[in-house]
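Data block below; observations after.
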Amino acid sequence: MSEHSIPARIYYLVFATLLLLTLITVEVAFYDLGILTFGVALGIACFKAALVILYFMHVRYSSGLTGIFVAAGFVFLAIMLTFFLLDASSRDWQYQPDSSGFSMVRPS
Amino acid sequence: MSTTVEASHHSGTGENYLTAGYGLKSWLMTTDHKRIAILYLLSISLFFVIGGLFAVLIRIELLTPAGDLVSADSYNKLFTLHGLVMIFFFLVPSIPAVFGNFLIPIMIGARDLAFPKVNLASWYVFTIGGLFTFAVVLAGGVDTGWTFYTPYSSTYSKTAVGLTAIGVFITGFSSILTGLNFVVTIHKMRAPGLTWFRLPLFIWAHYATSLIMLLGTPVVAISILLVFLERVFGIGIFDPALGGDPVLFQHLFWFYSHPAVYIMILPSMGVMSELIACFCRKRIFGYSFVAFSSLAIAVLGFLVWGHHMFTSSQSIYAGMVFSILTMMVAIPSAVKVFNWAATMYGGSISYETPMMYAFGFLGLFTIGGLTGLFLGALGLDVHVHDTYFVVAHFHYIMVGGAIMGYLGALHFWWPKMFGRLYPEAWAKLSSIVIFIGFNLTFFPQFLVGYLGMPRRYHVYPDEFQIFHVLSTAGASILAIGYAFPVVYLIWSLVRGEKAGPNPWNAKGLEWTVPSPPTTFNFDETPVVTEEAYDYSRPVEGKVV
Amino acid sequence: MSNFHDGVVAHQFDDAEQQKETVNLGMWSFLITEVMMFGALFAAYGFYRFKYPQAWIEGSNYLDYLLGAFNTAVLICSSLTMAMAVHAAQHAKRKQIIVFLILTIILGGVFIGVKVVEYADKFEHHLVPGHNFSVDSPFANQVELFYSFYFIMTGLHALHMLIGFGIIATLVVMAYRNRFSEAYYAPVEMTGLYWHFVDIVWIFLFPFLYLIGRG
């Protein structure tokens, strides 16, 4: 909780950064960064979300417990996504026998 | 735990939470956690009876190999409603909503939960969800199985899936509200001196349970909502015709519904720690291991859901990972069982009714848990998946584990809740009847399942009949066993001997206040100066 | 989260400090459930995006990214005004609270207005799954899947904003009646947390829905 109130200029600074980052995320979307495209978009979104959580939502000035709670939500989300993608990515892999035993192939 | 509250000061001097108000309004508008617990007790008892009736019909139908009592369609509805009612309306709320609600504030020396109005709201939300489920029965039932697997539920079923989905969606929020209240209460409302490692293990178990409720329930709510949207508006998230993936629904569903198994069993484990400590007159062996094993079960429980999907088209590589992680859940579960056994070693064990249920729990949970390892093994599961082996396994956990814990808790804290003692001989007898009835019902199902009897069928080959006859016979005994407590517990409310604040000479803040407790539990906030279960010191004011 | 009391310490708490911390933790617990609820949708979205990258690009390209970007900016502005309302509440500046809260509602209204225009556009161009959907593409079915996500995710987000309007309007009335003080402004602060959370959801939705495969 914010016993000590945060100076208003920090809010304006965060606000300006958020707008700038929105501009950047739109801008970079028009460059083909190959495999990185999604990572960059995700990275910028995460950074923006972190700014909102830390400053607008005062987590930076709150007890560690609040921070742990926030982190827990995202950790369990990451667990869910990890297993979903593990399934999606490996579902059509197959073992195929060859001269050296078995090898794993991904059918095209 | 020693406190500044002197129980003898109050007992017999009049007002308690039950006598604080008499009208219907004083119950329906109450924010007292103890009254809300009683409201929940009444509601879930009703649902237990309804779910039980479905089970009775199922067992009677299965007495003969032919489908002579109900049609295939009705049978589908019967097992679906049995599962739905028992899981969402009895097992998930059972111990947390009744005993958690009643005991958590008292055990931690608080006047109430953190958000009493939210607590009341959770009961109303639960009731509304329950009404939807009644409506489903009136609308002709639902036949998807409690798992709502797509695309059957979203596209093909002709039954009241939409209504059921809304009911479960709403009920989920009551679970979320309860979990939220518990987490916050345990963090912020503990009495002075009551550090985390002085908390009763019941509290640790409920903390872990509440985390699952918070993190898991929203996921099942949204996935059931997606089924609803797909059914009603044709927005196809899981529709194979659009390239949607029914297995994704299973992922979303089991992300909650596997941890939900731990919502059902963890509170029961918390109860076990209280019972075993009290009736062995010993501190729980390896307190901190038991405490952390609850958290470990909660966290690991979120990593294993894929073991329900080994025979779906889930990637077998994902299956391997899930299989290995499933084995790991056995570790914290075993830590608990071994620690309880070690607590008993050298303890001065007495065989009161709650302890009988604790013994029942230990044996049945161990069988249920070990057969769970069979099912978690990727290769073996292909053979026994969707057979009665699975049915037997999860009934050993949920009836043998969760309901034994529930009944143990009911018998342990009944004198605290209502201030009356029940007839011990009858109670002990019924605990034995329940144990025998339970094993006779479900052990044959392991055998018939291993021989290949699939679940969810109402006709079967003649050679399986002997197992089903045994099972139905056991279910009859079990039903009688469940009927006993209803009779003698209600009898005890009127005729039972006055209990006094601490009939078991147990340790814990709840035994320092009068039975039944007063509305605000404590006259002044207690100060805790000793560890939980410190039975080496005599209970205050008592000659042990 | 309705455990807001009019400046008094509720009976279950020992003091105002405990009440404040408890209410705060309660709100964060609630937000975790929201994270998981939206998160499940994001995870399902990720699952399909991995499976059908081409359809996702096509679906995304039918969306107007300029409107999306405009709405992102609008929502960030509303987050600022909300933060300033909380700031004003901390210093018990009643007039400022009311002004900033009303500004927040107006900005939220602009967002919803743009959303309505976008939705109407989807109806016009036959992009409403299950109801009125036809696109000319070898991946038409999977594009429909993308639009199912588009409508469910933005719809759930918009629903949260509408609920937010109701709560903020209540706060305006409370502030008008001078219910808040330097010691008691928890409702404003908790609503702020909620509103920022809604903003965060959009911060993710915007690039995930509007900006795929533009390069």
Given the conditions (1) at the interface with chain C (Cβ under 7 Å from one of its Cβ atoms); (2) within 21 Å of the chain's Cα centre (by Cα), every one holds for A:G39 apart from (1)
Of the candidates B:L214, B:L201, the one satisfying the condition of being aliphatic (A, V, I, L, M), within 26 Å of C:Q12 (Cα to Cα), free of Cβ contacts under 8 Å to residues at least 40 places away in the same chain and open to solvent by less than 10 Å² (accessible area, probe 1.4 Å) is B:L214
If you go through A:L65, A:L81, A:L85, the only one that is out of contact with any Gly (no Cβ under 7 Å at 6 or more places or on another chain) and either of a type in the set (D, E, K, R) or assigned to a helix (DSSP H, G or I) (or both) is A:L65
Just one listed residue, out of A:F15, A:F47, is modelled with pLDDT of 90 or more and open to solvent by 50 Å² or more (accessible area, probe 1.4 Å), and it is A:F47
Going through region B:399-425 in order, the residues found to be assigned to a helix (DSSP H, G or I) and surrounded by fewer than 20 Cβ atoms within 10 Å (Cβ to Cβ) are B:F418, B:E424, B:A425
Does B:L375 satisfy the condition of being touching an Asp or Glu at 6+ places or on another chain (Cβ under 8 Å), open to solvent by 10 Å² or more (accessible area, probe 1.4 Å) and farther than 24 Å from B:W491 by Cβ?
yes
Taking region C:77-103 and keeping residues within 12 Å of chain A (Cβ to nearest Cβ) and closer than 16 Å to C:G164 by Cα leaves C:C77, C:S78, C:S79, C:L80, C:T81, C:M82, C:A83, C:A85, C:V86, C:F100
Residue hits (region A:18-44; within 30 Å of C:P187 (Cα to Cα) and open to solvent by 40 Å² or more (accessible area, probe 1.4 Å)) are A:L19
| said: It is to be established whether one or more residues within region B:14-25 are open to solvent by 10 Å² or more (accessible area, probe 1.4 Å), part of a helix (DSSP H, G or I), modelled with pLDDT under 95 and under 19 Å from B:R111 (Cα atoms). | reply: no
Per the filter on region B:155-192, residues over 23 Å from B:L214 (Cβ atoms) and either in a helix (DSSP H, G or I) or away from chain C (no Cβ under 14 Å) (or both) are B:T155, B:Y156, B:S157, B:K158, B:T159, B:A160, B:V161, B:G162, B:L163, B:T164
In region A:60-69, anything facing chain C (nearest Cβ under 9 Å) and either open to solvent by 20 Å² or more (accessible area, probe 1.4 Å) or touching a residue at least 24 places away in the same chain (Cβ under 8 Å) (or both) is listed as A:S62, A:S63, A:L65
If you go through B:D73, B:D68, the only one that is charged (D, E, K, R) and either free of Cβ contacts under 8 Å to residues at least 12 places away in the same chain or within 14 Å of chain C (Cβ to nearest Cβ) (or both) is B:D68
Of B:L103, B:L113, the only residue that is assigned to a loop (DSSP other than H, G, I, E, B), buried (at least 24 other Cβ atoms within 10 Å of the Cβ) and at pLDDT 95 or above is B:L113
When region B:208-235 is checked residue by residue, the ones that are in a helix (DSSP H, G or I) and of a type in the set (V, I, T) are B:T209, B:I212, B:T217, B:V219, B:V220, B:I222, B:I224, B:V227, B:V232
Selection over region B:236-286 where residues are crowded, with 23+ Cβ neighbours inside 10 Å, in a loop (DSSP other than H, G, I, E, B) and more than 14 Å from every other protein chain (Cβ to nearest Cβ) yields a count of 1
C:A183 vs (1) within 14 Å of chain A (Cβ to nearest Cβ); (2) touching a strand residue (DSSP E or B) at 6+ places or on another chain (Cβ under 9 Å): all pass except (2)
Only one of B:I186, B:I128 is open to solvent by 20 Å² or more (accessible area, probe 1.4 Å) and either β-branched (V, I, T) or within 26 Å of B:W305 (Cα to Cα) (or both), namely B:I128
If we take region C:11-120, then helices (runs of 4 or more DSSP H) inside it with 2 or more residues that are in contact (Cβ under 8 Å) with a residue 40 or more places away in the chain and under 16 Å from the mean Cα position of the chain (by Cα) are C:16-51, C:65-90
*Has region B:159-166 got any residue that is of a type in the set (V, I, T) and open to solvent by 20 Å² or more (accessible area, probe 1.4 Å)?*
yes
Looking across region C:142-170 at residues that are among the small types (G, A, S) and within 11 Å of chain B (Cβ to nearest Cβ), the single one that is farthest from C:A85 (Cα to Cα) is C:S148
Within region A:42-54, of all residues that are small (G, A, S) and more than 7 Å from chain C (Cβ to nearest Cβ), the one farthest from C:Y65 (Cα to Cα) is A:A50
Condition set of a type in the set (F, W, Y) and in a helix (DSSP H, G or I), scope region B:349-372, selection surrounded by the fewest Cβ atoms within 10 Å (Cβ to Cβ): answer is B:F359
Test result for B:G145, in a loop (DSSP other than H, G, I, E, B), small (G, A, S), within 30 Å of B:P246 (Cα to Cα) and open to solvent by less than 40 Å² (accessible area, probe 1.4 Å) = yes
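The values are calculated or read from the model by the stated rules, or taken from the named source; none is laboratory data. Keep in mind the model is a prediction, meaning the values are calculated, not measured. Positions of Cβ are backbone-derived with ideal geometry, glycine not excepted, and every protein chain shown enters the neighbour counts. Each accessible area value is taken on the protein alone, full model and side chains, heavy atoms only, with ligands, DNA and RNA left out. Shrake-Rupley method; radii C 1.70, N 1.55, O 1.52, S 1.80 Å.
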